[in-house]
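These notes concern the structure reproduced below.
The values are calculated or read from the model by the stated rules, or taken from the named source; none is laboratory data. The model shown is predicted, which means the values in this text are computed figures rather than measured ones. Ideal geometry is used to build each Cβ from the backbone, glycine not excepted, and the neighbour counts take in all protein chains shown.
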Amino acid sequence: MSEPTDELQRESILLRILWMLLFSIVWQVAELLLGGTVLLQLGYRLFYGAPNAGLLTFGDSLSQYLAQIGRFGTFNSDEKPWPFADWPTAQAPQGEAAHAVPAAPHPARDEEPKL
């Protein structure tokens with residue numbers, strides 16, 4: 001009998017092909033989401049004069065996720081992307097500062113004694 005080697009412990013190439021096909025479909029959906037995020041961010045930027053912080057965060061983590069799929073599909077990484085790994089953490093924006101929304105004022109307190 002032959003001893004197990006690193007090659008035998010890896011997923012078979014057929015299973016890898018199935019994962020790559022699945023992630024290529026996920027890529028198409030994520031690409032549409034990223035395109036929608038770009039358009040929403042553009043509209044927000046035109047209307048408010050600065051980008052939306054939530055869209056900055058989501059867009060960055062989504063673009064990192066697409067990069068993870070690309071690295072897996074091109075054999076640069078054996079680590080499968082989300083949901084098999086953690087969702088990428090967004091980095092600090094390097095462009096414009098996000099639109100700041102001031103905190104809502106506290107409602108006036110009712111100072112009448114309660115009976």
Out of region 40-71, which residues are closer than 15 Å to P93 by Cβ and of a type in the set (S, T, N, Q)? Q41, N52, T57, S61, S63, Q64
Please enumerate the residues belonging to region 78-103 that are at pLDDT below 85 and surrounded by 13 or more Cβ atoms within 10 Å (Cβ to Cβ). W82, A85, W87, A90, P93, A98, H99
Using the structure shown, decide if T57 is polar (S, T, N, Q) and modelled with pLDDT of 95 or more. no
Looking at region 1-35, which of its residues are loosely packed, with under 10 Cβ neighbours inside 10 Å, outside any helix (DSSP H, G or I) and either modelled with pLDDT of 95 or more or among the acidic types (D, E) (or both)? E3
Given the condition without any contact (Cβ under 8 Å) to a residue 24 or more places away in the chain, surrounded by fewer than 17 Cβ atoms within 10 Å (Cβ to Cβ), outside any loop (DSSP other than H, G, I, E, B) and among the hydrophobic types (A, V, I, L, M, F, W, C), answer yes or no: does some residue in region 60-77 qualify? yes
